[in-house]
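The values are calculated or read from the model by the stated rules, or taken from the named source; none is laboratory data. Treat the numbers as computed from the prediction; the structure is a model and nothing was measured. All Cβ positions, glycine included, derive from the backbone under ideal geometry; neighbour counts span all protein chains shown.
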Amino acid sequence: MLAAFATLLGVGCIDRDAEEFRKSCPYELAYSGHYLRVPITITPHKIEYRIGDTIKISTVFTDSINDLGTGQVFKIENFPFQPFSLLYRFHNGLEWDAGFRVNSVRVDSIYQPKYNASSNYADQIRGRTLYEGGMYRFEIEVVLNEAGRYILLLTDVYQEFNASGAPELNAEADAITFEGKCPTLRYYICSMIEGEDNLELFENEMVHLDKVVYGDKLGSIHDRNSTGIYGVGSIGIEWSGMFAFEVTE
């Protein structure tokens with residue numbers, strides 16, 4: 001009888017905890033976090049370019065941000081978005097090098113850009129999104145000098161710190177709050193290409209990145225319960241600003 005009473009008491013505590021959570025977070029959650037949608041625009045948006053063309057990779061959006069986790073739109077001011085971008089160039093089959101290294105890149109100093117060379121991954125460009133007049137903005141321009149099949153990845157340093165097991169490095173971002181925020185939910189930055197990402201036409205290159213470069217860490221958000229061609233990885237390709245294109249002579 002005493003054991004049964006203890007069990008009921010435990011269930012009661014759990015129910016009260018759940019009720020308190022619903023009071024502070026009265027949303028139907030699609031994902032257990034504030035999943036902030038950051039749009040990535042490619043201009044011009046095509047699958048094929050010619051040598052000498054210039055493409056602009058930009059993220060420009062208002063501070064009324066779509067939260068995929070709660071299905072709400074929240075006004076979030078002064079969030080320290082830190083874009084983190086890589087560009088892979090495939091040539092001679094599945095040989096690859098750093099696309100930012102073999103092409104000409106322009107990033108305005110207002111974004112505090114940093115260029116990091118890498119041998120394990122493509123070279124990295126990092127920066128801070130400018131927040132001004134209720135708008136967030138970050139832009140990269142690439143003059144295409146080399147032919148090849150390219151895959152862009154543009155996510156946020158926030159995601160890298162979480163994946164590296166050092167979430168304490170996100171203290172600045174985690175301190176940001178807004179009206180309607182659930183006090184116990186964490187942030188997740190969902191960098192999403194506006195329009196077609198062309199990835200399904202670059203399956204060989206994507207599988208190579210998954211298996212050889214990222215060690216089976218790529219996965220599809222839309223196919224979370226299936227292995228698909230990538231497996232069930234921790235890097236969601238639809239939320240990592242991935243875009244594929246080809247450059248011809």
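For the reader, a short list of remarks on this structure follows.
- The number of residues in the range 136-166 that are farther than 17 Å from residue 242 by Cβ and loosely packed, with under 14 Cβ neighbours inside 10 Å comes to 5.
- Selection status of residue 196, touching a Lys or Arg at 6+ places or on another chain (Cβ under 7 Å), of a type outside the set (A, V, I, L, M, F, W, C) and not in a strand (DSSP E or B): no
- Some residue of the range 120-127 being out of contact with any helix residue (DSSP H, G or I) (no Cβ under 7 Å at 6 or more places or on another chain), closer than 28 Å to residue 145 by Cα and in contact (Cβ under 8 Å) with a residue 40 or more places away in the chain: yes
- Qualifying residue in the range 102-115 (condition: free of Cβ contacts under 8 Å to residues at least 60 places away in the same chain, exposed (fewer than 15 other Cβ atoms within 10 Å of the Cβ), in a loop (DSSP other than H, G, I, E, B) and not polar (S, T, N, Q)): yes
- Scope the range 177-193; condition closer than 18 Å to residue 155 by Cβ and in a loop (DSSP other than H, G, I, E, B); matching residues: 186
- All positions within the range 58-72 that are in a strand (DSSP E or B) and closer than 13 Å to residue 38 by Cα: 58, 59, 60, 61, 62, 64, 65, 66, 67
- For the range 73-96, residues that are part of a strand (DSSP E or B), within 22 Å of residue 170 (Cα to Cα) and at pLDDT 95 or above total 5.
- Against the conditions (1) part of a loop (DSSP other than H, G, I, E, B); (2) among the β-branched types (Val, Ile, Thr); (3) under 16 Å from the mean Cα position of the chain (by Cα), residue 151 satisfies every one except (1).
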